[in-house]
1. Looking at ALA215, ALA297, ALA229 in this structure, which one is open to solvent by less than 10 Å² (accessible area, probe 1.4 Å), of a type in the set (Gly, Ala, Ser), in contact (Cβ under 8 Å) with a residue 40 or more places away in the chain and farther than 17 Å from GLU162 by Cα?
2. Go through segment 59-70 and give me each residue that's open to solvent by 50 Å² or more (accessible area, probe 1.4 Å) and touching a residue at least 40 places away in the same chain (Cβ under 8 Å).
3. Could you please let me know if GLN288 is open to solvent by 40 Å² or more (accessible area, probe 1.4 Å), more than 11 Å from the chain's Cα centre (by Cα), closer than 21 Å to PRO103 by Cβ and touching a residue at least 24 places away in the same chain (Cβ under 8 Å)?
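The values are calculated or read from the model by the stated rules, or taken from the named source; none is laboratory data. Keep in mind that what you see is a predicted model, and the values were worked out from it rather than measured. Methodologically, a virtual Cβ is constructed for each residue, glycine included, from the backbone with ideal geometry; neighbour enumeration extends over all protein chains shown. Only protein heavy atoms, including side chains, enter the accessible area calculation; ligands, DNA and RNA are left aside. Shrake-Rupley method; radii C 1.70, N 1.55, O 1.52, S 1.80 Å.
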Amino acid sequence: VVVVDDSNRMKFVKMGGLDLLVTLCATCDNEAVLESATAMLRKAVSSSDVAHRLLDAGALPALLRLESEWIGTVKSYATQTLRSLERHSRRPWVPPSGRLTSPSMAYMLLPCAHPASMAPAVQKQMVIRSSTSVTNNGHSHGVTASADDLNKEMDAVHHDLESVERWLRSRDGANIIDDRCIEAGDAGIVLQNAGAQKAIREFFLSEEIDLFVLAYAGHATAAGAWCFAEHVITFDQVLGMWQQARAKTANTQARLLLIIDAPFAGQWAHALSKVASAAAFVSGIAVQAACGPQQQAASEPGQGGEFTRWFTQQEAHG
């Protein structure tokens, strides 16, 4: 009766029913109950006032749980409710730090692992970023270059990330929070101690950052996944970590910029375009990719990636 009758549904909301529905979505594992709860939530999100009340009640992590763990009607209703929440809760962006004239920023600069240190499963998938001396014969996978060439390419990778860092620090109007930043030189230690996924997840959890910048340079798989020592990281994994971090913290208005100078980097932009209207916290993500989904990324020994060199120089001049 509550689900189908608008008058009863509004009475239910005013009586505190939203909190009950969110609690059920967060804790219940009964499919019939969850179908009813998500159906009611889906219909209840009809205004910005209700959307913000649900956000305050913790609806995002509860609905994200259902979207990731369930299938069928429960998943469908959870996804539709998330879309409604995003649509009704949109507002002009106010940096969560409150610094309207100087938003806070932190960056994480991630180099690929050296191919010699990659696990065999990662090495087998890897496509080397191309240059005049390091080639991978089109889309072929695995190490096909000399040790000296690979070392030169790793130097180019670090050169790229240092260029990105200089560019970020040259931007006017941003307040860089140094103790939240991870430079390329420190990334190896962080990745070795925590692992790439844990390191990125912890980076995203900050409450004080308005703009997160995650930059990656180096080799990748044919699907565009980033290559680290023990595993690869995909767009879906980074998106999931971003969504979970925003749902767990009060910092829901933060933005994420991904800068990728790697083979098939356009796969990330393509993947983002497919989920932009269907998932929470996606409207705050932007991707700057070195090449298209099926293209290589070029680099030159001693100069780094052509995209990074062009991007940082063009931006530096306006």
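1. Details: ALA215 fails: farther than 17 Å from GLU162 by Cα; ALA229 fails: open to solvent by less than 10 Å² (accessible area, probe 1.4 Å).
Checking each option against the conditions leaves just ALA297.
2. Residues satisfying the conditions are PRO61, SER68.
3. Yes, satisfied.
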